[in-house]
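The values are calculated or read from the model by the stated rules, or taken from the named source; none is laboratory data. All values reported here derive from a predicted model rather than from experimental measurement. Here the Cβ positions follow ideal geometry from the backbone for every residue, glycine too, while neighbour counts run over all protein chains shown. These area figures cover heavy atoms from the full protein model, side chains too; ligands, DNA and RNA do not enter into them. Shrake-Rupley method; radii C 1.70, N 1.55, O 1.52, S 1.80 Å.
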Amino acid sequence: MSIKHCHVAYLGLGSNLGDREENIRRAIALIAEQVGDVVRQSALYYSEPWGFQSDNAFVNAVICIHTKLAPHRLLRATQRIERLLGKDHRHATERTPVSPISPSAPSSPSSPSTPSSPSSPSSPSAPSAPSAPSSPSTPSTPITPIYHDRPIDIDILLYDDLVLQTPTLTIPHPMMQQRPFVMEPLREIR
């Protein structure tokens, strides 16, 4: 793909169901086939679930791609890949209004994520922060996500230098600064 007319996007990937490492590998392969050239890839990072309780740890990674897709087309393409890999309505992040009196925030993991090379799947497990496209919250009705286990999650973290907030997509990803399992692999390849 010619870089001249491409956009640079960083995608966060996470899996905590099934063969987590293979889910990440398959997602990256499908992204390369359907979305754009994968030009950099972090090591795999292992983390505990973030924002919800689960016995299933996450495997996370970040990739840099060159794509010709506009942001919302990129979102639809990554959601299609998530569905191909088994993510369905049972795994989707729910968005629920929070009482203005006691807003809740996702709990953060007590320990930082642990990097591992893709060849060492026996490393300590660490889940990726499952996230879905965010909805902006309004001052009168804050929204809090309710996360679930999932075979794959693909988040658009950055897209060129774009700052975007729509009902279906926020770029940069609004929670990435709070997630070591996103920021550590992002720093590795950026």
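State whether the residues of the range 46-68 include one that is in a loop (DSSP other than H, G, I, E, B), open to solvent by 10 Å² or more (accessible area, probe 1.4 Å) and under 26 Å from Asp161 (Cβ atoms).
yes
Can you go through Gly51, Gly18 and tell me which one is at pLDDT below 95 and on the phi > 0 side of the Ramachandran plot?
Exactly one of Gly51, Gly18 is at pLDDT below 95 and on the phi > 0 side of the Ramachandran plot, namely Gly51.
Go through (1) free of Cβ contacts under 8 Å to residues at least 40 places away in the same chain; (2) more than 26 Å from Pro180 (Cβ to Cβ); (3) out of contact with any Ser or Thr (no Cβ under 7 Å at 6 or more places or on another chain) one by one and return the number of the condition Gly36 breaks.
(3)
Could you run through the range 36-83 and say how many residues are in contact with a Leu (Cβ under 8 Å, 6 or more places away or on another chain) and among the polar types (S, T, N, Q)?
Qualifying residue count, the range 36-83: 5.
Please list, ordered by residue number, the strands (runs of 3 or more DSSP E) wholly in the range 111-190 having 1 or more residues that are closer than 15 Å to Cys64 by Cβ and either at pLDDT 65 or above or open to solvent by 20 Å² or more (accessible area, probe 1.4 Å) (or both).
Those strands (runs of 3 or more DSSP E) span 153-159.
I'm trying to understand the selection: among the residues of the range 21-36, which are assigned to a helix (DSSP H, G or I) and open to solvent by less than 40 Å² (accessible area, probe 1.4 Å)?
Glu21, Asn23, Ile24, Ala27, Ile28, Leu30, Ile31
Given the condition polar (S, T, N, Q) and buried (at least 22 other Cβ atoms within 10 Å of the Cβ), answer yes or no: does some residue in the range 77-86 qualify?
Looking through the range 77-86, at least one residue is polar (S, T, N, Q) and buried (at least 22 other Cβ atoms within 10 Å of the Cβ).
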